[in-house]
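Worksheet for the structure shown next.
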Amino acid sequence: MTGGWLLVAVLVGILGVLVPLPAWVLWPITVGAIVTSGVGCLLAAGTGSGASRTYWLRLAAAVALLATGCTSQCFDTLRQPGEALAMSPLTGLLYFAAIGCAVLALLRLPGHQRTRRATVAMWLDIAIVGVASGLVMLQVVMTIPVPMKDGPAATALRVIVLATACAAVVAVVKVGISGTGPVLARALWFLSPVGLLGPLSILLVSAFQRWPHLGGTVTVLPPFALLMALAAWAQTGANLSGAVSGPVARVGRRGDVRGRGISRIPYVSVAGTAIMMLVVTLQHGHLPAGLAAGAVCLIVLVLIRQHAALSDNSMLADRLADQARYDDLTGCPNRRHFTDALHQRTAAATVAVCDLDDFTALNDRLGDDTGDEILRQAAERIAGTVGDAALVARLLGDEFGVLLPAGHPLADGDRLAVALLLAFQEPLPVDEHDLLVTVTVGAAAGRDDVVPDLLRRAELALQAAQRVGTNRHQAHTPDLDASAQHHADVAAALRHGLERGEFRLLYQPIVELPLGTMRAVEALVRWHPDGGKPVSPAEFIPVAEQNGLIVDLGAWILDTACADAAEWQRRHGASAPLISVNVSARQLLDPDLPDLVAATLVRHGLDPDQVTLEITETAVFAGGTALNTVHALRDLGVGIALDDFGTGHSSLTLLRTCPVTTLKVDKSFIDELNGSPQQEAIAASLSGIAATLGLRAVAEGVETQNQADRLYVLGYRYAQGFHFARPMPAADIDASLLTTVG
């Protein structure tokens, strides 16, 4: 509606140029436009709350005073038709009151919550903008000719124009420096051009002297009303959409919420002031004393602000340096700090690396918050064990390092490791609960040139301890270095071997008892390096697990085995054996494994029930991602075999949580057959458990006919071992099938 008033004012103003109209004709339209913008302020207040509501109510009061002042000036124009800017003291007082109310509304609007240093910087910026803007506005106002005789009225007019410009500067400062609080920044930006309307009104008086109805004030107030209405409209829309959500939101040019940033307004203000002073100097040949004093004040403020900025930058650099060397979660030094401390030492020292056992499973089961608290408590437990003379650092996620100087009571690798193991025999207090978290420790000691290498040696010892189990320790020995080098060599050769096609698959039959008919085959990978001796799976599979190459190798094994199985299906139909493929613990942690299996089955045209994936108990014991992957694989329809069943520490529990279809009973139980009844009891019970649960039991490692016969008596219907066949190439499996059919 305010836009409509502005359009009417434009049309009437143009008409008055063509046809003589009374001098008061635009004043009712102007008052109507201002009143309409005041209604918009009330709507913005009605849709807001808290400080926003108060701000728009105060602004509505300012608009009401302005409308009253316009009405008063309309009567002044009627009483003094010959005056270009007729203004009574009452009118001037109403205008002053309106401007004062608007400035008060802006100043009382809360902004960001800031630190003391940030508050000082903000006020310095405000002072710079204020001085710069004041110099520019004062120069502009004093140089604009006022179309009335010098006197109280002319002075009052200049003061009103200056006050209007100051109100606009306050709005700009509020948006760009101190923050808008609960008022939308775009709403205040709509009000920022208001400061230009005062000087413009004086210029328009001289330009429109030929037309009495086109007074300076009555010409600029309808655009002001439109700007006010647009500001209220923007705030109302934001309130209704929920875009303004809190008292400290600060909205940038693209509507993004920012907490802190660098305001360009002080720089723009200083640049504008410099240009103005240059122009004045070129016009007069010198800089007036008042402007020179203002320039000195501005330079002092800028110097103080720059000093504060440099101080802040120095503090920030120090803080960033500390953050780069310390762990945010535990407050301990980080790996960089730890390694720097080692490289700066030559005196004898002892280093231990302490890893929390099964922390990943604990974190998955209990949540990240509990996991973080476990890490904090573990850091405190380690620090309390070794004392203040030691350096305790968080090296990785759940791995901590300890550096002890020579002469420390625990400055011996074994003593330090044992002390850490004993420290974690007591539960950790976490969230009002006591959690038993054990650790595995690797330690190394040395002096002189060896000290910088102690961390690597301790980590090698830790890896050696973890290969044996958990809750144990290992000291570094020279053999570990040789083993690490061999590990690195094997890892490099593995990658080249996979690229060069040096791997082969052999298949060991799984037969049906008592006749020994082949029903399935287990795919077994073999590595024959080009020009070298075959490498045992016991040697290269652990290396592939540790460096992650097992994922690529496992994908190749799955694809090759399914391709062979599909060929057997094509050639032998129902007589073709099912295929069984081993899946490592590392592969089960890969979220893409189910998709890979599904795509492989589709590519080779195999039904899911023709493939069984073999997993170990330890791979899924902790649950979490690995167990979820197994469930996803079973949902595809493939079989799940629990390999080496009976040797793990939670076998029966897994039968409830893991979607198993086959139990492969470990060879250690088969070796005890044909002995005493006590030795056969476990093998017999495992067969009974499988039968009760509807699972297929496969006996592994059968080497004699007597074992096969006894297994059949104990209820086993499937077996695998050298007694029936050794692993053989796919061509030999195919030949065996042809012989059987023949």
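Remarks
- If you model segment 685-742 as an ellipsoid using its alpha carbon gyration tensor, with each semi-axis the square root of five times an eigenvalue, the axes come out at 26, 14, 10 Å, biggest first.
- Summary of packing: across the peptides 227-239, 13-25, the per-residue average of other C-beta atoms within 10 Å ranks them, highest first, as 227-239, 13-25.
- Note: relative contact order over segment 471-559, using C-alpha pairs below 8 Å and six or more positions apart, is 24 percent.
- With θ taken as phi - 60° and the Karplus curve 6.51 cos²θ - 1.76 cosθ + 1.60 applied, the whole-hertz 3J(HN,Hα) list for segment 349-354 is 8, 10, 10, 10, 10, 10 Hz, x standing for glycine and proline.
- 3J(HN,Hα) along segment 448-462, derived from phi through the Karplus expression 6.51 cos²θ - 1.76 cosθ + 1.60 where θ = phi - 60°, amounts to 6, 5, 6, 4, x, 9, 5, 5, 4, 5, 5, 5, 4, 5, 4 Hz, with x in place of Gly and Pro.
- Efficiency of FRET from Cβ geometry, residue 681 and residue 575, R₀ 45 Å, rounded to 0.05: 0.75
- Placed amide H near residue 326: partners under 5 Å, 5+ positions off or other chain: 334
- Its residue count N fixes a reference of 2.2 N^0.38 Å for segment 7-96, and the Cα radius of gyration divided by that reference is 1.30.
- Taking packing as the residue-averaged number of other Cβ atoms within 10 angstrom, the listed peptides 68-78, 471-481 run from highest to lowest as 68-78, 471-481.
- Each peptide in 416-425, 349-358, 529-538 gets a packing score, the mean of other Cβ atoms within 10 Å over its residues, and the list from highest to lowest is 349-358, 416-425, 529-538.
- Cut-off under 5 Å, modelled amide H: who pairs with residue 718 long-range: 513, 699
- Alpha carbon convex hull of segment 586-650, volume per residue in cubic angstrom: 78 Å³
- Between residue 631 and residue 595, the simple spin-label model (points 7 angstrom out along Cα→Cβ) gives 2.0 nm.
- Subtracting the Cα-Cα distance of residue 706 and residue 692 from 0.36 nm times their residue separation leaves 2.5 nm of extension gain.
- Under 5 Å from the amide H of residue 616 lie the amide H atoms of 643, each residue being 5 or more positions distant or on a separate chain, with H modelled from the backbone and absent for Pro and chain starts.
- Segment 421-560: C-alpha gyration tensor shape, a/c 1.5 cut-off, then a/b vs b/c: oblate
- Residue-wise HN-Hα couplings along segment 396-404, as the Karplus relation 6.51 cos²θ - 1.76 cosθ + 1.60 with θ = phi - 60° gives them from phi, are 9, x, 10, 10, 10, x, 10, 10, 10 Hz; Gly and Pro carry x.
- Cα-Cα pairs of segment 586-742 separated by more than 21 Å (percent): 53 percent
- Stretch gain in nm, segment residue 309-residue 603, where the contour uses 0.36 nm per residue and the Cα spacing is subtracted: 99.4 nm
- Length gained on full extension, residue 116 to residue 538: 145.5 nm, using 0.36 nm per residue less the C-alpha separation.
- Accessible-area order (highest first, 1.4 angstrom probe) of the listed residues 631, 572: 631, 572
- Cβ-Cβ FRET estimate between residue 79 and residue 300, R0 fixed at 45 Å, reported to 0.05: 0.35
- Overall Cα dimensions of segment 486-575, principal axis frame, Å, largest first: 46, 27, 25
- The Rg/Rh ratio for segment 541-637 is 0.98, where Rg is the radius of gyration of the alpha carbons and Rh is the Kirkwood radius.
- Shape of segment 324-385, Cα gyration tensor, a/c cut at 1.5: prolate
The values are calculated or read from the model by the stated rules, or taken from the named source; none is laboratory data. All values derive from a computational prediction rather than experimental measurement. Because the Cβ atoms are built from the backbone with ideal geometry, glycine has one as well, and the counts that use them run over all protein chains shown. Side chains are part of the model used for accessible areas, which takes the heavy atoms of the whole protein and leaves out ligands, DNA and RNA. Shrake-Rupley method; radii C 1.70, N 1.55, O 1.52, S 1.80 Å.
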